[in-house]
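To start, the structure itself, in structure tokens.
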Amino acid sequence: MKHIVKIISLLVAISALWIGLLQTSLISPDYPLMLPVYLVVSLGCYGLLMVGVGLMQFPTCPQESMLLQQDIIEAKTFLRQKGVDIGSN
Amino acid sequence: MGDEVTKKNKYSIIVPTYNERLNIALIVYLIFKHLKDVEFEVIIVDDGSPDGTQEIVKQLQQVYGEDRILLRARPKKLGLGTAYAHGLKHASGNFVVIMDADLSHHPKYLPAFIKKQIETGASIVTGTRYVKVGGVHGWTLMRKLTSRGANVLAQTLLWPGVSDLTGSFRLYRKSVLEDLINSCVSKGYVFQMEMIVRASRKGHHIEEVPITFVDRVYGSSKLGGSEIVEYLKGLLYLLFTT
């Protein structure tokens, strides 16, 4: 099944649930009428929150840059000994 | 999985290059330094670099042996996806590693990829930058923001089951990579995303290992300005075709 079908099915299911809620006027219809708006807003908030949290906890590795520099020096020394033409600096 | 323990595995490391004269020498040294007691070959697919990358590769062949370093050049720049396909044709290992030549992927993680594969019997082991032990270095706030946004969007829309979709440091079972490469049509790093999403949909066992990503030291970064648009197009494409 294509992924878009899965997502559309999910949306249809949610819509069905919503229409069901509107039909069974057990509670005031004003409240369920607004539900899709809340859903979209909360989805947006979720996205922003995930980006924000992800950004704050973005793993960084400044030490790796230094280790790489050491590796580069080591590699250059070895390669130069072996006669590989890697330039002068 | 059983036969992999008894039979000796061979790993073909495919490195596509374009103007990576210095980097390719460094990366080959580091691969040989970190891969002891493992049977492997390095396949360098050079797209006709004018800076003499191929000359350096030939010198490296003198040092390490022509059977360990294979130069499989192409006449001009023909794209990443076809570079892997080209390298794959010459691969003699039962596993294939693909990695970038610009030193943002450090060969010291190769043993972790191999270990993870043997432990889990996975068909794909992919490096992830988005976990605690992994990470990036040299990224601006803007790049982190874009990366995060892109990731949240992809996770929400595609449910791929993998934390790092656009990373390109991966180990594949050779048969799986052959199958995937034929079904993927995207270009650039959307290609990486398509590969892993299709693999996930096909039900392949995918495992992750943390890697660090140090932005390229030598040479200029090859990221273009229209990458966000390309990414969104790729996302939509995958939404409708996988």
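Legend: residue pairs B:Lys36/B:Lys116; B:Lys58/B:Lys89; B:Lys108/B:Lys132; B:Lys10/B:Lys202, Cα-Cα distance threshold 23 Å; pairs beyond threshold, B:Lys10/B:Lys202.
Find how many whole Å separate the alpha carbon centroid of segment B:57-124 from the alpha carbon centroid of segment A:48-62. Using only Cα atoms to place each centre, the spacing works out to 31 Å. For B:Lys115, the aspartates and glutamates whose Cα falls under 15 Å of its own Cα, not counting residues fewer than eight places away in the same chain, are B:Glu4, B:Asp37, B:Glu39, B:Glu207, B:Glu208. Applying a length cut-off of 27 Å (Cα extent along the axis) and a mean Kyte-Doolittle floor of 1.0 to the DSSP H helices of chain A leaves A:3-23, A:35-56.
In segment B:89-138, what trypsin sites (Lys or Arg not before Pro) fall in a loop by DSSP, with at most 10 other Cβ atoms inside 10 Å?
Working: sites: B:Lys89, B:Lys108, B:Lys115, B:Lys116, B:Arg129, B:Lys132; in loops: B:Arg129, B:Lys132.
Taking segment B:89-138 and a limit of 10 other Cβ atoms within 10 Å, the loop trypsin sites (Lys or Arg not before Pro) found are B:Lys132.
Taking the accessible area of segment A:1-58, probe 1.4 Å, and keeping the other protein chains in place, the carbon and sulfur fraction comes to 79%. Using equal-weight Cα scatterers in the Debye expression, the normalised intensity of the protein assembly as shown in log10 at q = 0.07, 0.10, 0.11, 0.16 Å⁻¹ is -0.34, -0.64, -0.75, -1.46.
For chain B, what proportion of DSSP beta bridges, expressed in % and rounded to the nearest 5, is antiparallel?
Working: 7 of 31 bridges.
Counting only bridges with both partners in chain B, antiparallel ones make up about 25 percent.
Counting only DSSP beta bridges with both residues in the protein assembly as shown, what percent are antiparallel, rounded to the nearest 5? Intermediate values should be presented prior to the final figure.
Working: 7 of 32 bridges.
So the antiparallel bridges amount to about 20 percent of the total.
Computed in the context of the full set of protein chains, the accessible area of segment B:39-87 at 1.4 Å probe radius has 51% of its extent on carbon or sulfur. Taking the DSSP beta bridges with both ends in segment B:123-242, the antiparallel portion is around 25 percent. Take the accessible area of chain A alone and of chain B alone, subtract that of the pair, and you get about 3500 Å² summed over both chains, using a 1.4 Å probe.
The values are calculated or read from the model by the stated rules, or taken from the named source; none is laboratory data. Everything quoted here is computed from the prediction, not taken from an experiment. Cβ atoms come from the backbone with ideal geometry, glycine included; neighbour counts cover every protein chain shown. Calculation scope for accessible area: heavy atoms of the full protein, side chains included, ligands and nucleic acids excluded. Shrake-Rupley method; radii C 1.70, N 1.55, O 1.52, S 1.80 Å.
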